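Engineer: Take a look at this one; I'll ask things after.
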Amino acid sequence: MRKVLGLQFALFILVVSFMNSCTKSSPVGSELLAGDQANIEFTDTLTLRMRTIKEDSVIVHDPFRTGNPFSFYLLGDFNDPLFGNVKASIYSQLKSNSAIIIDSAAFETATLDSIILSLVYDIDGFYGADNETYTISVNRLTEDINPFETYYSNQDFDFDPTPIITHAFTPDLDSVTIGSSKSSPQLRIPLPANFAEEFLSQESPFTNLSQDSAFLSFFKGLHIKADTETDGILSFNLSSGGSGLSIYFTTVGDTSTIKNTLTYSFNSSTLAKLSRMNHTFTPEINAAVAGDFASGGQEIYLQALAGPSAEIEIPYADKISGTIINKAELEFTISVQDTSSFPSPEQIILATRDIDGTLLIIDDVDFALNKGNISLFGGQVESATSGDPRQVYKMNLAGVFQDMADGFTDKTLFIRILPKQEQAARVTLYGPEHSQYPAKLNLTYTRLSE
């Protein structure tokens, strides 16, 4: 699995860019003078109300996203035994990596050697079974994608229904040798010769094959989808230079025969590439997302992709008014599941909604990022410090809870997996009414003198 302080830390930075530039400083921890210790109180019985909620779609392409764009794209027709079926496919444009410098007369003699579509595996992003036979189709897009538009996970584009190729494979996670060099593990699909001939027979190859706008007019991109249902889902790194389309051909000059290559990559900030996600939930998950706060008393369900998130209400937060919040920590116990095949997500996050309904990370996450230490917020899988062996998530929300107690903000929060768009992980958490391991808010505060 990816390390939080690597990929996911960078993703936190990207999410922060959507927040207001000003953040309120809030006390975190119990940094009090010795004389104040007598006024410290603790409770873990403040009422929590929770429910699972459905997210119809998530952003999968954002031209205004600062920093690194999305890199990892899921592909599969995945049968999750608990959450149900999820289909994830890919739409993407390609961009020429090199200018054509072949003499035009020589280009007319071009003969194809091979054409290869390569997709670098994101091995850490595989979920469920990875040793099955997968069958995928590669189709040609017939509709333009605008790279300067924001797209969501329920977006569809027109494509030629006749596949360029349908390919069956079992993932090979060993490195591959290309020429004389070793490269990252990747899926390499030989495409048919008649597809390559469309490239080599261009009347204006210097323009149509290498200039961005002309190339995208000639070749709008690819749609890659899974054709068979499996017990796992794959992930590919389309930001890797190893992912792309390569056409190997030979030209004959006046005095020599020359081997040539045209390469087209997915890795460009000026291109659009996005995931299409579709969920068909089990009856259990359907009942959860249709339920109210009473239904979330025992369990709540979180899933990446466009799967469910959770809503939390702390209705009596204002009963702690007139205090300084020293520490506020939400604690959730992970329900017993098959963590070997379906590991819990490494990072979950707390968010609030703005007046437009947009989810924004809470100030406590921003505080942790400014300190360069995301563990100040938490939200990562850890072992419980007492009781039966179990795994928990703990998240610090002292800043936002102080605002709730003082009546400055809404008493509703949301839990999401981060990042949602680039992984397939899911988890079940016990709710606040669970008999043995209830979700709870561990609250330490100091009463101010009246």
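Engineer: Those residues that are more than 30 Å from T250 (Cβ to Cβ) and crowded, with 20+ Cβ neighbours inside 10 Å, I need them from the stretch 129-158; list them, please.
Structural biologist: Once the filter is applied, which keeps residues that are more than 30 Å from T250 (Cβ to Cβ) and crowded, with 20+ Cβ neighbours inside 10 Å, the stretch 129-158 yields Y134, I145, Y151, S153.
Engineer: In the stretch 328-387, which residue that is under 19 Å from the mean Cα position of the chain (by Cα) and in a helix (DSSP H, G or I) is surrounded by the fewest Cβ atoms within 10 Å (Cβ to Cβ)?
Structural biologist: The extreme case among them is I374.
Engineer: Sticking with this structure for a sec: Take T333 and decide whether it is hydroxyl-bearing (S, T, Y) and either outside the structural domain of D388 (by TED's automatic domain parsing) or at pLDDT below 95 (or both).
Structural biologist: no
Here is a yes/no grid of residues against (1) in contact with a Lys or Arg (Cβ under 9 Å, 6 or more places away or on another chain); (2) at pLDDT below 95; (3) among the acidic types (D, E):
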{"position": "F236", "(1), (2), (3)": "no, no, no"}
{"position": "L245", "(1), (2), (3)": "no, no, no"}
{"position": "T251", "(1), (2), (3)": "yes, yes, no"}
{"position": "I258", "(1), (2), (3)": "no, yes, no"}
{"position": "L262", "(1), (2), (3)": "no, yes, no"}
{"position": "F266", "(1), (2), (3)": "yes, yes, no"}
{"position": "L271", "(1), (2), (3)": "yes, yes, no"}
{"position": "R276", "(1), (2), (3)": "yes, no, no"}
{"position": "T280", "(1), (2), (3)": "yes, no, no"}
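Engineer: Then there is this: Given (1) more than 25 Å from the chain's Cα centre (by Cα); (2) part of a strand (DSSP E or B); (3) farther than 21 Å from A317 by Cα, where does V392 come up short, assuming only one miss?
Structural biologist: Failing condition for V392: (1).
Engineer: Still on this structure: So which residues in the stretch 71-91 are of a type in the set (G, A, S) and in a strand (DSSP E or B)?
Structural biologist: G76, G84, A88, S89
Engineer: Another question, if that's okay. Yes or no: F195 modelled with pLDDT under 90 and not in a loop (DSSP other than H, G, I, E, B)?
Structural biologist: It is false that F195 is modelled with pLDDT under 90 and not in a loop (DSSP other than H, G, I, E, B).
The values are calculated or read from the model by the stated rules, or taken from the named source; none is laboratory data. The shown structure was predicted, so the numbers you read here are calculated from the model rather than taken from an experiment. For neighbour counting, all protein chains shown are included, and Cβ atoms are generated from backbone atoms with ideal geometry for every residue, glycine included.
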